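These notes are about the structure you will find just below.
Nothing in this text is a laboratory measurement; each read-out follows from the coordinates by a stated rule. For clarity, every value in this text was computed on a predicted model and none was experimentally measured. Methodologically, a virtual Cβ is constructed for each residue, glycine included, from the backbone with ideal geometry; neighbour enumeration extends over all protein chains shown.
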Amino acid sequence: MIELPVQPFRFRKGKLYLLDQRLLPQQKVWVECSSALDVFYAIRQMVVRGAPVIGTVAAYGLYLEARRQKREGKLTKEKIQKAAALLLSARPTAVNLAWAVERSLKALEGSDDWMEALLEEARRQEEENIAWTEKISLIGAEIIPDNAKILTICNTGPLATGGYGTALGAIIFAWNQGKKLEIYACETRPYLQGARLTAWELKQLKIPVTLITDGMAAWTMEKKGINLVLVGADRIALNGDTANKIGTLGLAILAHHFGIPFYPVAPLSSFDRNLSSGKEIAIEERDPREVLFIGNTPIAPQGTKVFNPAFDVTPSKLITGIITEEGLISQPLEKNIREALKR
Ligand code: MRU
């Protein structure tokens with residue numbers, strides 16, 4: 001059993017505490033949440049981020065809301081549904097959020113103790129994160145060769161999943177198996193998840209990591225002999241088109257150019273069974289301040305126009321295969337995804 005270097009949240013005595021990922025790695029501050037509204041703001045403002053974990057945190061948010069309403073003496077199903085819609089609206093791209101909230105609403109059906117049902121469901125999701133990330137990490141580790149030079153983007157580790165991680169989980173497990181690895185982490189502008197979170201998690205595990213700025217990816221592939229690109233995913237359409245952190249599409253195009261295998265690593269809950277292609281994926285656009293400032297320091301003339309999409313969509317044809325907790329889905333993705341989801 002590999003010890004997790006960090007946990008993104010804790011549930012204690014009826015309250016949810018989120019590790020404020022905006023302040024990492026400089027400060028470890030826990031943010032207390034006691035209602036769905038608190039959790040909504042925490043997700044929207046990226047106190048907590050990463051597709052799988054925002055789902056689990058939202059599930060706890062629904063329990064907190066039921067508890068708050070009961071304390072005020074007016075717990076109704078309508079109000080829980082309203083809180084669910086609020087949580088769903090926090091971030092639009094990651095499908096795991098909708099998946100987790102829908103599971104919680106389903107848990108209410110046929111139950112006469114809604115608070116208990118919501119708490120049980122949130123706890124179940126928390127436990128499942130450990131189990132599926134362990135499975136996906138083992139499967140991913142098998143694909144990683146010894147002496148791999150891996151390029152990755154964003155943060156796909158314990159902080160993003162509440163378990164071992166997806167792409168980063170595979171790296172952690174491969175390292176633990178004794179494979180020699182060199183990891184290159186894209187800093188991931190504008191929010192810097194790669195620099196602040198991935199480099200931090202890997203350093204704690206003593207896994208060699210080299211940080212690059214996003215614009216250095218092509219040259220790093222060429223000069224450092226990158227032989228594998230592993231990324232996470234926020235929403236995967238049925239044809240294999242994959243939405244992930246902005247910059248992923250560029251990496252996929254480069255990997256194709258250099259003949260480097262490119263794999264998203266994601267659980268089956270990241271597949272959107274209602275979307276036939278990536279064209280229909282809603283891409284979140286975030287505050288221009290994230291681009292205009294680094295920390296509190298402005299880096300552009302005041303009033304500069306900004307485009308700040310948080311995600312992009314990599315077309316299926318650029319993807320070597322998708323690593324899931326149920327095994328590798330290889331090309332042709334359209335046919336093989338449908339079969340994998342039927343199982
Ligand atoms: O905006 P973020 O930080 O929530 O984006 C997260 C990513 O893009 C990750 O790569 C993705 O959620 C998968 S994490 C297991």
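Annotation: the residues Met1, Met216, Met46, Met221, sorted from fewest to most other C-beta atoms within 10 Å of their own C-beta, follow the order Met1, Met216, Met46, Met221. Working note: Karplus 6.51/-1.76/1.60 with θ = phi - 60° gives region 185-198 the couplings 10, 6, 4, 6, 5, x, 8, 6, 4, x, 6, 7, 9, 5 Hz, where Gly and Pro are set to x.
The string of couplings for region 245-250 from the Karplus curve (6.51, -1.76, 1.60, θ = phi - 60°) is 3, 3, x, 5, 4, x Hz, one whole number per residue in order, with x for Gly and Pro. By how many degrees, between 0 and 90 and to the nearest 10, does the Cα long axis of helix 114-143 differ from the longest principal axis of the chain? Its long axis makes an angle of about 10 degrees. Remark: spin-label model distance Ser111-Glu334 equals 4.0 nm, labels positioned 7 Å along the Cα→Cβ axis. Rg and Dmax of region 139-342, both derived from C-alpha coordinates alone, stand at 16.6, 53 Å.
Lys-Lys pairs in region 1-155 that are eight or more residues apart or on separate chains and whose Cα atoms lie under 19 Å of each other come to 9. Note: relative contact order over the chain, using C-alpha pairs below 8 Å and six or more positions apart, is 15 percent. Measuring r between the beta carbons of Lys15 and Lys279 and using R0 = 56 Å, the FRET efficiency lands at 0.85. The Cα trace of region 51-190 gives Rg and Dmax of 18.4, 61 Å, the first to one decimal, the second as a whole number. Bridge orientation summary for the chain: considering DSSP beta bridges with both residues in this region, about 55 percent are antiparallel. Normalised by 2.2 N^0.38 Å, where N counts its residues, the alpha-carbon radius of gyration of region 80-128 equals 1.13. Distance between the C-alpha centres of region 99-154 and region 266-343: 18 Å, rounded to the whole angstrom. Annotation note: GluC sites (Glu not before Pro) in region 285-342 located in DSSP loop regions with a Cβ neighbour count of at most 15 within 10 Å are Glu326.
Using the Cβ-Cβ distance between Leu23 and Glu102 with R0 set to 30 Å, the FRET efficiency works out to roughly 0.45. Less than 5 angstrom separates the built amide H of Arg286 from those of Asn308, Ala310, all sequence-distant by 5 or more or on a different chain.
As a rough footprinting exposure proxy, the listed residues Ser269, Ser89 were ranked by other beta carbons within 10 Å of their own, and the order from fewest upward is Ser89, Ser269.
The 3J(HN,Hα) values that the Karplus relation (6.51, -1.76, 1.60; θ = phi - 60°) gives for region 257-264 are, in residue order, 4, 8, x, 9, x, 10, 10, x Hz. Gly and Pro appear as x.
In a simple Cβ point-charge model (Lys, Arg +1; Asp, Glu -1; nothing else charged), the chain has a dipole of about 520 debye relative to its Cα centre.
The percentage of C-alpha pairs in region 9-131 whose separation is greater than 17 Å is 51%. Against the empirical 2.2 N^0.38 Å (N residues), the chain has a Cα radius of gyration ratio of 0.97. I want to make sure I understand the PRE zone here: with the label point 7 angstrom from the Cα of Gln177 toward its beta carbon, which residues in region 198-220 have backbone N atoms less than 18 Å away? Residues 207-208 qualify, since their backbone N sits under 18 Å from the label point. Rg and Dmax, both from the Cα atoms of region 14-58 and both in Å, are 9.9, 28. Loop-located trypsin sites (Lys or Arg not before Pro) in region 174-267 (DSSP state other than H, G, I, E, B) with a sparse environment of at most 16 neighbouring Cβ atoms within 10 Å: Lys179, Lys180, Lys206. Near Leu181, once Lys and Arg are set to +1 and Asp and Glu to -1 for all other residues with Cβ below 15 Å from its Cβ, the sum equals +2. The tail of the calculated P(r) for region 167-265 beyond 21 Å holds 31 percent of all Cα-Cα pairs. To the nearest 10 degrees, how steeply does helix 167-176 sit against the main Cα axis of the chain, on a 0 to 90 scale? The helix 167-176 is inclined about 70 degrees to the chain.
Annotation: the antiparallel percentage among DSSP beta bridges lying fully within region 139-342 is about 45.
Fewest first, what order do Ile329, Ile143 take by the number of other Cβ atoms within 10 Å?
Details: Ile329 26, Ile143 18.
The fewest-first ordering by Cβ neighbours comes to Ile143, Ile329.
Between 0 and 90 degrees, the angle of helix 333-342 with respect to the longest Cα principal axis of the chain falls at about 30 degrees.
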